[in-house]
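Shown next, in structure tokens, is the structure this report addresses.
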Amino acid sequence: PFGLRFRDSAQSSISVEQFVRNDIARTIALGIDYAGLHGDHSGDANQPDGVAVTSGIGSVVGGTNGAAPDWSDIVDLETEVGQDNADIGALAYITNAKVRGKLKKTLRTATYGDRPIWDGGATPLNDNRALITNQVRSNLTKGSSSVASAIFYGNWNDLVIGMWGEMDMLVDP
């Protein structure tokens with residue numbers, strides 16, 4: 001009575017094999033992203049060091065026990081990159097959703113009516129792109145804090161992950 005029609009199941013079903021392949025590829029890609037950002041400097045996990053643990057890369061420390069990011073920290077990150085003559089190319093911030101939320105609620109200064117640090121738009125963080133991924137850890141330990149998050153800033157064209165070969169998945173016949 002309602003004029004309902006059902007599709008042929010052959011037309012509406014997804015390819016289970018392609019679904020599994022996509023899921024495996026996505027998991028591998030997330031692992032590569034994580035290794036590029038945080039890696040493992042112990043040498044035991046057969047991973048690259050990652051940006052967070054690479055020596056010689058400038059950093060801005062947020063206090064003995066961590067600290068909520070403020071406008072000064074954002075400016076200091078850009079200054080640190082500039083002092084290394086690396087403030088060219090694909091400059092962008094990368095952080096997680098928790099930090100974005102905090103920066104949207106934190107004013108640049110304590111003055112009433114001032115803009116939040118993260119002010120939206122195409123370049124939301126001090127006129128730079130800002131990317132969000134939960135691959136950026138939010139459980140870092142700094143002093144007595146174990147809920148610290150990272151904020152990365154730099155020229156992401158300079159992050160190189162060398163891989164030989166290509167991903168190849170073969171279905172076991």
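Against the conditions (1) part of a helix (DSSP H, G or I); (2) open to solvent by 30 Å² or more (accessible area, probe 1.4 Å), where does S55 fall short? Just the number, please.
Going through the list (1) part of a helix (DSSP H, G or I); (2) open to solvent by 30 Å² or more (accessible area, probe 1.4 Å), S55 breaks only (1).
Quick one: is G165 closer than 27 Å to A35 by Cβ, without any contact (Cβ under 8 Å) to a residue 40 or more places away in the chain, out of contact with any strand residue (DSSP E or B) (no Cβ under 9 Å at 6 or more places or on another chain) and open to solvent by 60 Å² or more (accessible area, probe 1.4 Å)?
Values: closer than 27 Å to A35 by Cβ: yes; without any contact (Cβ under 8 Å) to a residue 40 or more places away in the chain: yes; out of contact with any strand residue (DSSP E or B) (no Cβ under 9 Å at 6 or more places or on another chain): yes; open to solvent by 60 Å² or more (accessible area, probe 1.4 Å): yes.
Spelling it out, G165 is indeed closer than 27 Å to A35 by Cβ, without any contact (Cβ under 8 Å) to a residue 40 or more places away in the chain, out of contact with any strand residue (DSSP E or B) (no Cβ under 9 Å at 6 or more places or on another chain) and open to solvent by 60 Å² or more (accessible area, probe 1.4 Å).
Within segment 20-40, is there a residue that is surrounded by fewer than 14 Cβ atoms within 10 Å (Cβ to Cβ), out of contact with any Pro (no Cβ under 6 Å at 6 or more places or on another chain) and part of a loop (DSSP other than H, G, I, E, B)?
No, every residue in segment 20-40 fails to be surrounded by fewer than 14 Cβ atoms within 10 Å (Cβ to Cβ), out of contact with any Pro (no Cβ under 6 Å at 6 or more places or on another chain) and part of a loop (DSSP other than H, G, I, E, B).
If I ask for residues that are more than 23 Å from S144 (Cβ to Cβ) and among the hydrophobic types (A, V, I, L, M, F, W, C), which ones from segment 59-102 would you list?
Just the residues of segment 59-102 that are more than 23 Å from S144 (Cβ to Cβ), to begin with: 71, 74-75, 77-94, 97, 100.
Within segment 59-102, W71, I74, V75, L77, V81, A86, I88, A90, L91, A92, I94, A97 meet the criteria.
Hey, can you tell me all the residues within segment 105-122 that are part of a loop (DSSP other than H, G, I, E, B) and surrounded by fewer than 14 Cβ atoms within 10 Å (Cβ to Cβ)?
Within segment 105-122, T109, A110, T111, Y112, G113, D114, R115, G120, G121, A122 meet the criteria.
Please specify each residue of segment 129-148 satisfying the condition of being open to solvent by 90 Å² or more (accessible area, probe 1.4 Å), free of Cβ contacts under 8 Å to residues at least 60 places away in the same chain and farther than 17 Å from G101 by Cβ.
The answer is R129, T141.
Take the residues in segment 59-104 that are outside any loop (DSSP other than H, G, I, E, B) and modelled with pLDDT under 90, then tell me which one is nearest to Q135 (Cα to Cα). Quick ask: steps written out before the conclusion?
Initially, segment 59-104 is screened for residues outside any loop (DSSP other than H, G, I, E, B), giving 64, 66, 71-83, 91-95, 97-104.
Among the residues that remain, those that are also modelled with pLDDT under 90 are: 64, 66.
Details: T64: 24, G66: 19 Å.
Only one residue tops the list, namely G66.
The values are calculated or read from the model by the stated rules, or taken from the named source; none is laboratory data. For clarity, every value in this text was computed on a predicted model and none was experimentally measured. Positions of Cβ are generated from backbone atoms using ideal geometry, with glycine treated the same way; all protein chains shown enter the neighbour counts. Just the protein is used for accessible areas: all its heavy atoms, side chains included, with ligands, DNA and RNA removed. Shrake-Rupley method; radii C 1.70, N 1.55, O 1.52, S 1.80 Å.
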